[in-house]
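The values are calculated or read from the model by the stated rules, or taken from the named source; none is laboratory data. For clarity, every value in this text was computed on a predicted model and none was experimentally measured. Please note: Cβ atoms are built from the backbone with ideal geometry, for glycine as well, and neighbour counts cover all protein chains shown. Side chains are part of the model used for accessible areas, which takes the heavy atoms of the whole protein and leaves out ligands, DNA and RNA. Shrake-Rupley method; radii C 1.70, N 1.55, O 1.52, S 1.80 Å.
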Amino acid sequence: MRRQINWEMIDCNERREKLKNIALEIGSLLKNPQDVKSKICSEENKIQHKELGVEYFPWKDLSLGEGYPGICLFLGELDRLFPDDGWDEVGHNYMVAIQNSIHEYGIDSLSLWGGITGIAMAARALSRDGTRYNNFISQLQEIYLENYRATLEYSMASLYKGSKVSDYDTISGWSGIGRYLLFYKDQPAIRKSLEEILSYLVQLSQDREINGQIVPGWYVPVENLFLHEREKFPNGYFNCGLSHGIPGPLALLALASLHGVEVSGQKEAIHKIAMWLLQWKQVDKYGLYWPNIISWEDHQSGVVNLSYHREAWCYGSPGVARSIWLAGEALNDDNFKRIAVEAYLATFHRPQEKWNIESPTFCHGLIGLVQLTQQMYVDSQREEFKIQRDQLIDRILDMYEEKAPFRFYDLLGQKKYIKGGLLEGVAGIGIVFSGLISECTPEWSSVFLIS
């Protein structure tokens, strides 16, 4: 089982008070679910996606990333910290909004970040340690159990033709789903489903023969790529991001092992994936890093030519390093943990203008880097992580805008967007700030597959 280390809150009283006040302010601005949706879905807040040629609002009612469920996780954290301040009532209004949306639109996914397990996670966050919303959670889990096997069998069959990131990844796939199920590992039906998912990920880790070449099972052929990626990667690729790539399965396999849930071949799969990631680490004058993507051509030549990367949760060294750290804990491998620390610290040696992140938000922004850095600090007890964490927090505090509807914007180039969700919105900022003023390890960070 995983070594337990106490969570550590921010120790600077002044900084802690700032985080508390801003978290409470963001919570107050998110109190009315209808008002939040209205602000985000205003015409001037519409996003134009040039690569896909579409326009859209950054909101989906039932999405953990962009809708009511993610805000519920934040409200659940506020309710845990301030149980007498009425945050449970605010959370209940959001649960009503979720139920209304389910009745209107239905649920079309099992996924954590866009489907039924994400909605169940929202209810869990507001359940006050399992004393509320139990019927709703049970209903969602029953629906999941009735439907998961056909989808999992399809994912398993697809492996022999080339995988899809949406089958296995953190956001849409089995890695995210499995992390939710891990909370209910003592329920026989859910444990069985979790073990089947782990067996699928073990199969994913096996080599395949594709186009006469032996490659890892997480190779994604061009026909399974996102549309905007197909021209750039005409022969497919290997995804190295924690959000959409193989670090997600690695993290779940490791976390499940640390929680005492194992299937045949699991430890071997953890070792194989971690070693593959170490094989593809790159080095610049600042230290180690991982490219976002390894193309088919690069994999065949053994040399990465397109080495664009971020220093974020979704892609880049911080997310990859965290998954390797977890692998090191699961396998009791100090070398994996040493390399994870070395690669993570290289981020802070690298000039910030090379990080390719500019927003204060979680997915590809600074607050995600704060949470990852905090996790690495409490696990490794390396003082450098604490110092860098506090510097990142101060940088985010400088991005606070009193006139912004929710006090922070998500930045896309020169444009500012109003977002309320967990991945790219203020709920993600508020929830990290809340966790940093808490004495207890936050459960919500599990949805990012970093704990």
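Summary table below
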{"item": "Anchor LYS415: aspartates and glutamates whose Cα lies under 15 Å away (excluding residues fewer than 8 positions away in-chain)", "result": "GLU43, GLU44, GLU55, GLU358, GLU401, GLU424"}
{"item": "Net charge of Cβ neighbours under 9 Å - reference TYR289; Lys, Arg +1; Asp, Glu -1", "result": "0"}
{"item": "Within-9-Å neighbourhood charge of TYR377 [Cβ basis; K, R +1; D, E -1]", "result": "-1"}
{"item": "Solvent exposure, largest accessible area first (probe 1.4 Å, DNA, RNA and ligands not counted), of SER38, SER101", "result": "SER38, SER101"}
{"item": "Accessible carbon and sulfur surface of the chain relative to its total accessible area, %, 1.4 Å", "result": "46"}
{"item": "Leading residue at positive end of dipole, the chain (Cβ point charges), from CYS72, SER380, GLN391", "result": "SER380"}
{"item": "Highest-first arrangement of 367-375, 16-24, where packing means the average Cβ count within 10 Å", "result": "367-375, 16-24"}
{"item": "For segment 131-270, convex hull volume per residue from C-alpha positions, Å³", "result": "118"}
{"item": "Segment 183-266: C-alpha gyration tensor shape, a/c 1.5 cut-off, then a/b vs b/c", "result": "prolate"}
{"item": "Whether segment 162-356 is rounded, prolate or oblate, judged on the alpha carbon gyration tensor where a/c under 1.5 counts as rounded", "result": "oblate"}
{"item": "14 Å beta-carbon shell around GLY76, net charge (K/R +1, D/E -1)", "result": "-3"}
{"item": "Given (1) 0.97; (2) 0.92; (3) 1.05, the label whose value is Cα Rg over 2.2 N^0.38 Å derived from this model", "result": "(2)"}
{"item": "Solvent accessible area, Å² - PHE233, 1.4 Å probe, full protein context", "result": "20"}
{"item": "28 Å Cα-Cα reach of LYS285 towards lysines, excluding residues that sit fewer than 8 places from it in its own chain", "result": "LYS232, LYS272, LYS337, LYS354, LYS386"}
{"item": "Exposure ranking of ASP390, ASP35, ASP169 by accessible area [1.4 Å probe, largest first]", "result": "ASP35, ASP390, ASP169"}
{"item": "Dipole in debye (nearest 20) - the chain, about Cα centre, beta carbon charges: Lys, Arg +1; Asp, Glu -1", "result": "440"}
{"item": "Farthest toward positive dipole pole in the chain [+1 Lys/Arg, -1 Asp/Glu at C-beta], among SER38, SER323, SER243", "result": "SER323"}
{"item": "List LYS185, LYS192, ordered by accessible area with a 1.4 Å probe, largest first", "result": "LYS192, LYS185"}
